[in-house]
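Data first, discussion second: the structure below is written as structure tokens.
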Amino acid sequence: MANRGRLLLAGALTCLLLACQPASAASPKTVSQPPDERAAAKPAADEASSRHGGPESQPVAAVQQAAPAGKPAAQGDLSRQAGGPVPRIALQALPFGFRQPLYLTHAGDGSGRMFVVEKNGTIRIVKGDQVLGTPFLDIASKIRSSGNEQGLLGLAFHPRYAENGRFFVGYTDNAGRNTVERYQASADPDRADPTTGVTLLSIDDPASNHNGGMVAFGPDGKLWVGTGDGGASGDRYQNGQNRQALLGKMLRLDVDNGEPYGIPTDNPYVGNAAYLPEIWAIGMRNPWRYSFDRANGDLWIGDVGQNAYEEIHRVPGGSAGGLNFGWPIMEGLHCYPSGTRCDPGPYDQPVAEYGRSGGCSVTGGYVYRGPAYPSLHGLYFFGDFCTGKIWSLDPQEGGAWQMTEQLQQPLQISSFGEDEAGEVYVVTFSGDANAHRIYRIIAK
């Protein structure tokens, strides 16, 4: 793939979020899908090189060791000057390994700790220059991780975690259901209480792939949950455009009003019986990692493609939602299936896409806002699980984004992560079987 990708215009959205209002209470939601094809459902052929399995890649040689995370960066618009040369990056390896790490995040509590999610159901703490021996949380007994895309998939700390000790996880349970649960920290700040689990969502899933699984708090204080379309291939179960299904969606929950959650009164479909009220956007295939730009609230989503195109969406901060990302009518900027005709007008278009020469499974990332490398400010970094390529998107005048291939390493990129200071990390399945590596992005 050429080092500089095509320029794509970002769609401008003008609606702003309404003021937050008390939410209506919701019961723990269990949603069943039709049982047909469940026993025979298997991952699609186009995802044979899955992000959660496959042959191990060789570790990167001669890497530097990363320093411990710093203190939180100041908030605000830190974007670098648009139009200048795109700065280049390198990777520093953290001096320890993990077992199939799928995510890295922080608690936002001023401690500087990093939390690493492992596929089998454990969450590890990186404290200073060491990994604590006892997991922060171990719920492996609850989790089905045998499928390539199953396991403990997401972690989000409440914005007031330092006060209330609450955090949320996304995983596939022993029955294969897509599950979101709330947990509570214990008296020991480095240990959670595994007996405090409260289920928010339990969504029946007809296949083992396309589980989404990420949970994240937005700048609005709401919990955002990205769900896949139910798996197999080609949206076999017709969830992407189904307004009465939670699969294939971006959901938005109020976890501070209602037990176990409430419906935000400014969700776009509140009062519209044609849609489930949790829905904020429809038409997702498998949102694998999304993030909010800490400077302006922009939502960035990596959505895994079918057979031809991987895509990155950007939703400007303050959007009121009600978006349709197009799956399965569109794959990237193209009508799906290939050769068909469609009207792209109603759908939110990606700001970037790449074809099979670039890889086979996108991993969404972060806009860099850390204090260590001011030259990287405003660049969005993302990668591909299969090829180990990492790209940046650079804002241009007029709302366009320039896509630049930054590097390619023999890495299986399972996720990106961000520490409390805003430094960005690359999470991989590469290295020894029980010592998969995590790398910090640095400026060259």
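The values are calculated or read from the model by the stated rules, or taken from the named source; none is laboratory data. It should be emphasised that the depicted structure is a prediction, and the values quoted were computed from it without experimental measurement. No Cβ is skipped: glycine too gets one built from the backbone with ideal geometry, and neighbour counts run over all protein chains shown.
General remarks:
- Across segment 331-346, a minimum of one residue is classified as among the β-branched types (Val, Ile, Thr) and over 20 Å from the mean Cα position of the chain (by Cα).
- Among the residues listed as Gly302, Gly345, Gly365, Gly359, the single one being small (Gly, Ala, Ser) and out of contact with any Lys or Arg (no Cβ under 8 Å at 6 or more places or on another chain): Gly345
- The set of residues in segment 121-170 that are surrounded by fewer than 16 Cβ atoms within 10 Å (Cβ to Cβ), on the phi < 0 side of the Ramachandran plot and at pLDDT below 95 comprises Asp129, Ser146.
- Meets criteria (among the acidic types (Asp, Glu) and surrounded by fewer than 22 Cβ atoms within 10 Å (Cβ to Cβ)) for Asp220: yes
- Pairs, first within 16 Å of Gly84 (Cα to Cα) and touching a residue at least 24 places away in the same chain (Cβ under 8 Å) in segment 361-380, second buried (at least 24 other Cβ atoms within 10 Å of the Cβ) and among the aliphatic types (A, V, I, L, M), C-beta under 6 Å, six or more apart: Tyr380/Val367; Tyr380/Leu393
- Flag if Arg252 is touching a Phe, Trp or Tyr at 6+ places or on another chain (Cβ under 6 Å), buried (at least 18 other Cβ atoms within 10 Å of the Cβ), within 30 Å of Gly378 (Cβ to Cβ) and in contact (Cβ under 8 Å) with a residue 24 or more places away in the chain: yes
- When restricted to residues that are over 26 Å from Pro328 (Cβ atoms) and either under 13 Å from the mean Cα position of the chain (by Cα) or assigned to a strand (DSSP E or B) (or both), segment 250-292 contains 5.
- Yes/no for Pro101 being closer than 24 Å to Gln408 by Cα, buried (at least 16 other Cβ atoms within 10 Å of the Cβ) and either in contact (Cβ under 8 Å) with a residue 12 or more places away in the chain or of a type in the set (Ser, Thr, Tyr) (or both): yes
- Candidate set from segment 309-324 (those that are part of a loop (DSSP other than H, G, I, E, B) and touching a strand residue (DSSP E or B) at 6+ places or on another chain (Cβ under 6 Å)); member that is farthest from Gly383 (Cα to Cα): Gly321
- Yes/no for Gly197 being more than 29 Å from Asn296 (Cβ to Cβ), among the small types (Gly, Ala, Ser) and not in a loop (DSSP other than H, G, I, E, B): yes
- Between Ser430, Ser392, the distinction of being closer than 22 Å to Leu102 by Cα, in contact with a Phe, Trp or Tyr (Cβ under 7 Å, 6 or more places away or on another chain) and of a type in the set (Gly, Ala, Ser) belongs to Ser392 only.
- Some residue of segment 182-204 being in contact with a Gly (Cβ under 6 Å, 6 or more places away or on another chain), crowded, with 19+ Cβ neighbours inside 10 Å and on the phi > 0 side of the Ramachandran plot: no
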